[in-house]
Every structure is written in C-alpha cells, then in structure tokens.
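These notes are about the structure you will find just below.
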Amino acid sequence: MQKRRKKRLAKTGPLLLIAAPGLLYLLINNYLPMFGVFLAFKDFNYIKGIFGSDWNGLENFRFLFRTRDAWIMTRNTLLYNAAFIVIGTVVAIFVAILIYELGKKRRVRLFQSALMLPNLFSWVVIGFIVYAFLNADTGFINNTVLKALHITPISWYSTTGPWPFLLVLVYLWKFTGYLSIVYVASIAGIDKSVYEAAQLDGASKIQQIMRVTVPLLKPTIILMTLMAVGRIFYSDFGLFYQVPQNSGRLFDVTQTIDTYVYRGLMELNDVGMSAAAALYQSVVGFMLVLGANTLVRKLDHENALF
Amino acid sequence: MKSLQRLSKVIVSTLLALSLVLGMAGAATAETQYDKIVYAYATFNNIPDTETLATVEEAINAITRDAIGAEVTLKPIVIWDYSSAISLAMQGGEKIDVFQSLGDLNTAISTSMALDITDLMDEYAAESKALIGENWLAACSHEGRLYGIPTFKPIALTPMIIYRQDIVDELGLDMSAVNSVQDVTAVLQAVKDAKPDMTPLAAVNTGNIGLGLTVPDVDYLTDNYYYPKGVLMNDELTVVDYYASQQFADTCALARTWFNNGLVMKDAATTSSTAAELMASGNYFAYIASYSYPEKDTAASLEALGGGFKLGAKIIGSAFLDTTSINALSWMVASTSTVPEKALQFLNLTFTDPQVVNLIIYGLEGRDYVNNGDGTVSYPEGHDASTVPYTAQLSCGTLGNFFIMYPMAGTDPESLVWELEQNQNAKTSVAMGFTFDSSSVKTEYTAVTNVIDQYLPALICGSVDPTTEIPVFLQRLEEAGLNEIIAAKQAQLDAWVAAN
C-alpha cells in the first residue's frame, strides 16, 4: 500500500511541481482576494481598515434593489446573455462547419483569420465604428442608406427599438470568429471513418452534418454553454457601455448590472457597495452553474462537468 | 539508468518551477535618513518616465531637505484615473502622504481618507492659513474640523461663449450685445442662416452644451455640477429640487428651441468628442463653457490648444461661489501618513514657495522650459507640452498657489488682477462653508445618479421635449429617493445654520 503510494508520487510528483507555480498563482490571484467579501458587509473606513470597519449588514446590497431599475437591469443582463449563448452558439457552429467543409486551403485560413480580426478590437474602437454608421448628423446609415431610400433620418442613439438587435449583431460580429475556433477544432477531431460509413450508407452532405457532426459536437457545446451560463449574470461592460455611447435614452434596453453599478458608483467611489454588487453577481452565477450542471447530469450523465 | 532519468526529471521540473517564481521577485530599496513624503497629484499632461521624475524630485529635495528636513517623491497620476487610483492605493497600504480632491472632498472626509489637520495648521502651515483665509478654509471643514486646504487660484467660474472670430468678422456680428444666454440665440440663428452647412453650437463634452452653469446663483450643496440633486436657489436656505425649478424648465425649453431649429449639434447628448475637437473640425461656430480667466486670456489659451481658428470669448453670465467651487480642488494629508507633520509642511511649501511649485508645474529650467526675462516662461525652442521631458503645466490651476507660478508667455499680467478681483467680488452662496455628508443616503445617491444619467443629458441638450419629459424625470427621481436626499440635506443645513 505504502509502496504503491510512493510509486504514484514519484510518477506524479514532477508534474505537480510544474503545476505548482500556476496553482500558487491561482491561489494568490483568485482565492486570497475572496477575503474581500468582508467588505460587502462593512461600512468601509480608511483609518479602521478592512477588518476594523463597522459591520452594516445588508445595507450595501440595498442600492441594487432600490428602484425599478433593479428589474430592468436584471432582465436585460439575463435576456441578452441568453440570446448571446443561443444565437452565438448556433452561428459559431454554422460558421465552423462551413469553414471545415471548405478544407484546409490557404485562402480558407486567411478567411478564418479575417473572421477573428474583430475579436482583437477593443470595445472603444468598435463603439466608434458603430458610431460612424449611426451618428445622427454625419452617420453612414442616415446620410447615405436612408437618404437613398428616402426614409427620414432616425436619431439612433435616442431610439430604443433597434438596440436589442444592434447589440446582438455587434456581439456576433466581434465574437463569432473566436467562438467558431473551438468548434472547428472539435470537428477536426471527429473520426473520418464515421463520415465514410455514413457516405456508404448514402447520407447526403446535409444529413452528414445534421446526423454526425452536430451530435458529436454535443460535449463541446455543453461545456461551452455551461461556462457561459456561469457568467450569465455578468455583462460585457464595453458592449453595453461603449457601443451605445453611454446614451441615457437607451438605458431601458442597455442597462445591465455592470453598467448600473459603474454609473451609480462613479460619483461615490464606495468600496462596500462595489463589493456587494460583485458578490451578488458571483453568488448567483455560481448557483446557476451548479443548477445547469445538475440539469445536464440528469439529462445526460456522461456530459456533465462534475 | 531509470533512477537517473527520474532524477533529471525532478531537476528539470524544479528548475522550471523556480524560474517561474524567481521571475516575480522584486528588488529591495535602500533607505535614507530624511523622511519621505509621497505627493500624489493629478496631471492632464503626459506622465514623465521615472528618471525624468527623479531629476525634478532631486531639484525639489535640494530645497526641502533644508527647509523641512524631508524628501519628496512625486506621484503624477492621469486625471481620469486619479480618484480610483488614490482610493486603491490607500486601501492597499501604499504610501501616499499628500493627495487632492477632484470634487470629492466629501467622500474623502466621510471615509476618513483625509487627516484632521485642525491642530497642525498653526504650527506647520501658518503661512498657507494666513494666505487662504478663514472663509475659504471653512469650505474644507466638517463639523468644525479642518481636513484640507483649497487650491489658491482663480476660482470664480464665469459662463462664456467661445466663438470663431473669423466668422463673427465675416458676418459682421456684434458680440458686445450678447450678455445673456437668451442673447446667444440670435447669433446662432444668424450663423445658421448665413452658413446652412454649419452647426452653430457644439457640445462642451458628453451631454453638456454648457447651459447647466448659466442657471444663475445655484449652490449645488456638495454635488458636482453634472449631477445636482438638492440645491439652494435664490439666496434662500431651503433645499429645493433643481429639476422642478422654473429656471431648469426654462433652460431645457431654450435648448429645445435650439435643437428644433438646428442651432445645436444633434448628438450633443451622447457625443464623446470635446468642444476643442469639434471646433477644430471647422463645422462648428461656438460653444458655451465656464472659465475663470478673463475673456482675452481664455480665447488665447483655447486658441493655443490647436484647431487653427481665431477664437473670441464673451461673458454671458456672472460667477457664483459656493462651498464646492472652493473645495472641489483641495489638498489633504492622508490619514494613513506616518509623517503627517512633514506632509503638511510640504503642502505649505506648494502654497508659499514659488521655486517648489514651479518645479512641480514646469520641471527644470532650460530642459523643460525657458524664462523669457519678462517674468513669463515658454517651452524651449522646438518643443511643446507633449515633447518636453517633464511638464504638468495643465495642472497649474489644480495645485498649490496659482498666483506664484510663472505665467506662460502671452498672458497679460493684468489678468491676475482681474482674477483676484473676481475671486473676491463674485457673489457667494448663503450657505458658504456648508458641506453635505452623503453617507446616510448612499443608496439613494446611487439610484438618483442613474436616473439623472438617463434623463438629464437629453433634456439639457434639447434632444427631447421638456414639457413631456420633465414630469417623467421628476417622477423617476422621486421613486429613486430624491426626497430623502433633500430631507437629509435640509436637516444637515439647519444644524449648520444653527451652529454658525
């Protein structure tokens, strides 16, 4: 028994040692700061410090639920993320299949890289690209497209209607290339003999995709979705803040938990309330991951994350 | 053989792990016998590199070693990051001894970032105390205790219209007849008629076409100009809802007429361009903003920012001083400082010692600036603010004593007289010296700030109809708890009146 354990340690020891700095980093960077959750329940005071400051119960959380904005921002955060997960996954898989079917030619690779490019832009830059299109005075849409169609110009940054679609569109433009990489890799990993067998059985190209590729992608899809669900309570700050140019008129459709907290605390610089907002997002996110995983385990035991 | 292989495996992995860890280790520093003071200031200019900073520090230290027996470390922080950087640094236990407020003195006091310096002033900063005077110092006090020293500079902000002189000349407009914000309409209309392709009025910055500060005699009671909550108006000591006032409704109505007649840029509520950029594009005629310099100087210094057009300025309102206008930029000793006496002594020097303050603003003579012999300074031949190794020139109005700094070439010495006069003669609020502590209504503040963000820019820029939007706005403000803020302000104000 003892001997076996020693043997195992000798085998895994060096590997553990290599992992050690990484684990240490994770501990210092991701676990130690968790002590900061204290702050969510404290009335922070610089002289008294983190541990000395007075407790104030759930007072710091109150601002999140103070107004009807609480409902609006929670709804926006959840619905946009749900839309991103569903539409994003479908489009990414679609693009991945197309890219894979085109083969490994050089121009396909070039095309794939081009799809990746928007992912490297910062939201500020993307915000201005969108602005160049939608600007009320000189924008491309108002000045060229709508003019040619003889439609009266729209004041885009004060009209809420189109924004849910615009935001999803911008999201897809930025992330599709990136998301599809994972799926391209997964498809490439599928055993070719399965397709050969399907071909012999007379399956058409569409049938091969629907009956072979998609089912075999299921583990990847589940993994990616579970990871996304964990962050469903977080919103991409840049997307919701920079792209609508922080326009007040659009808050009903662009306000998310992150932007609300940012706007509310810009003036106050309050440590306790920021910590409370972050804790709230983390806890709900954590519960959602557990919930989603339980669901997956029930439906399909093999593919559950844990 | 096998054990050798295993051994080498262990060695290689140990080395790998070690190299990762060692890469993160830093080096220790030597210590000196002088007390060290870290002076953190906001800069609008480039952040100089460490070596350049060290040369300026050395020149300052040559003075401070003898004067106060301490050495200074300069810590310039870009203005946009300043408040959060200071807050994080102090939480993290980083050494900061002297820091400033950017409209948030209130927060610094309520969270104990600022040290109570009441009892230290007479011994360590007597000259500053005499220079600034009790009236202004009262603006940095809370419950009778002093927490900061306000920057000594032209403070009275006077609303002005900044316009393209070439267009005024071309169209023969008479700017001297423009004395109020209502008079501006006719000028904008004349420009629009003559040059239909031009947008007459540009935004100052996001959601601000400069109209906010043209509402006269408002004491913002410790809120910043962009988010007024409960305010004092008409010299009365009753806290009122700014947005429910007739003046606010009138201002929005004026903005709306401008918007409908195409006199103001359509995207003013959301643009992220600043007035200077917009003017430089050549498509705009004017903008409205508040400055603390005389008309001629304002126009000259704005012209120097680039854009290539000749600019003029005309005052269209009067200055008004409330507590916030004085303490918005004030200097504090950090509560976490281990050498508060030395820190205060150094702070005192920035108000009284021209050499020290000019070193902080302009850097080293010869390298960063040259003296023109007539008391003014310029950048060395072939250099400007962005190419000299060190300059914090744009911070000149935010630190120490503005009146002992070298003026830049082109400034009229008479201006200083005008500015001092404005400071002394500007109308002051009835509640001068009162500061509001928002800690009891923090939740309401966050909620109300969000509502203001949503409605105010569009209203004040004219993009929505005030007759229908203001009632909705008021309703939302009430839901968010504005009345609780007003009540809290009134209670604290009453207590303050009773005590004074």
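The values are calculated or read from the model by the stated rules, or taken from the named source; none is laboratory data. From a predicted model like this one, the values you see are computed outputs, not experimental measurements. Positions of Cβ are backbone-derived with ideal geometry, glycine not excepted, and every protein chain shown enters the neighbour counts. Accessible surface areas use protein heavy atoms only, side chains included; no ligands, DNA or RNA. Shrake-Rupley method; radii C 1.70, N 1.55, O 1.52, S 1.80 Å.
Figures for the structure shown
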| read-out | value |
| --- | --- |
| Binned Cα-Cα distances of chain B, short to long, each 20 Å bin given as a whole percent | 21, 50, 23, 5, 1 |
| Low-density loop positions, GluC sites (Glu not before Pro), the range B:35-101 - DSSP coil, at most 15 other Cβ in 10 Å | B:94 |
| Amide H partners (placed H, <5 Å) of residue B:41, local residues excluded | B:75, B:77 |
| Chains A and B, summed buried accessible surface - 1.4 Å probe, Å², nearest 100 | 4000 |
| Ordering of B:73-79, B:178-184, B:253-259 by burial proxy (mean other Cβ atoms within 10 Å per residue, highest first) | B:253-259, B:73-79, B:178-184 |
| Using θ = phi - 60° and Karplus 6.51 cos²θ - 1.76 cosθ + 1.60, couplings along the range B:249-265 (whole Hz; Gly, Pro as x) | 4, 4, 4, 5, 5, 4, 4, 5, 4, 4, 5, 5, 8, x, 8, 10, 4 |
| Kirkwood hydrodynamic radius of the range B:241-344, from inverse mean 1/r over distinct Cα pairs, in Å | 17.7 |
| Apportionment of accessible area to carbon and sulfur, the range A:194-233, percent (1.4 Å) | 65 |
| Cα-Cα pairs of the range A:39-303 separated by more than 23 Å (percent) | 65 |
| Whole-Å distance, taken between Cα centres, linking the range A:158-181 and the range A:27-99 | 22 |
| Global size of the range B:296-338 as Cα Rg and Dmax, reported in angstrom | 17.7, 51 |
| D_trans [Stokes-Einstein, Kirkwood Rh over alpha-carbon pairs] for the range B:411-491, 4 °C, 1.567 mPa s, µm² s⁻¹ | 82 |
| Long-range Cα-Cα pairs in the protein assembly as shown (distance over 40 Å), rounded percent | 48 |
| Largest to smallest principal axis extent of the C-alpha atoms in the range B:228-297, angstrom | 45, 33, 20 |
| Percent RCO, i.e. relative contact order, over the range A:39-81, from Cα pairs under 8 Å lying at least 6 residues apart | 31 |
| For the range A:39-303: relative contact order, % (alpha-carbon pairs under 8 angstrom, 6 or more apart) | 31 |
| Inter-chain shielding of A:272-278 (mean C-beta neighbours from other protein chains, 10 Å cut-off) | 1 |
| Exposure of residue B:383 as accessible area (Å², to 10), given a probe of 1.4 Å and all protein chains | 80 |
| Choice from A:246, A:143, A:119 with maximal GNM fluctuation in chain A (Cα, 10 Å cutoff) | A:143 |
| Ratio Rg/Rh [Cα only; Rh per Kirkwood] for the range A:176-306 | 1.15 |
| Whole-Å distance, taken between Cα centres, linking the range B:256-333 and the range B:92-145 | 30 |
| Accessible area of the range B:188-243 divided out per residue, in Å², using a probe of 1.4 angstrom | 35 |
| 0 to 90° range, to nearest 10: angle between helix B:442-460 axis and chain B longest Cα axis | 50 |
| Ordering of B:144-153, A:176-185 by burial proxy (mean other Cβ atoms within 10 Å per residue, highest first) | B:144-153, A:176-185 |
| Residue-averaged [θ]222 nm for the protein assembly as shown, counting only DSSP H segments that reach four residues, each worth -39500 (n - 2.57) | -16000 deg cm²/dmol |
| Surrounding net charge for residue B:122, when Lys and Arg each add one and Asp and Glu each subtract one, Cβ distance under 13 Å | -4 |
| Residue among A:169, A:26, A:17 with the largest mean-square fluctuation in a Gaussian network model of chain A, springs linking Cα atoms under 10 Å | A:17 |
| For residue B:270, residues with placed amide H under 5 Å, excluding near neighbours | B:207 |
| Inter-chain shielding of A:239-249 (mean C-beta neighbours from other protein chains, 10 Å cut-off) | 5 |
| Unit charges at the beta carbon, dipole of the protein assembly as shown: most positive-side option, B:500, A:102, B:173 | A:102 |
| Karplus 3J(HN,Hα) series, Hz, for the range B:156-170 with 6.51 cos²θ - 1.76 cosθ + 1.60 (x for Gly, Pro) | 5, 8, 10, x, 9, 9, 9, 9, 7, 4, 4, 6, 4, 5, 4 |
| Helix axis angle, B:2-22 relative to chain B longest principal axis, alpha carbon, degrees | 50 |
| Per-residue average of Cβ from other chains inside 10 Å of A:157-164 | 2 |
| Coil-residue GluC sites (Glu not before Pro) of the range B:353-455, DSSP, other Cβ within 10 Å capped at 10 | B:381 |
| By accessible area with a 1.4 Å probe, ligands and nucleic acids excluded, highest first: order of B:206, B:43, A:225 | B:206, A:225, B:43 |
| Under the span-like rule (Cα at least 15 Å along the axis, Kyte-Doolittle mean at least 1.0), DSSP H helices of chain A | A:69-101, A:123-134, A:163-188, A:214-230, A:271-299 |
| Magnitude of the charge dipole, the protein assembly as shown, Cβ model with Lys/Arg +1 and Asp/Glu -1, debye to 20 | 6420 |
| GNM result for chain A, Cα springs below 10 Å: residue of A:79, A:167, A:23 fluctuating most strongly | A:23 |
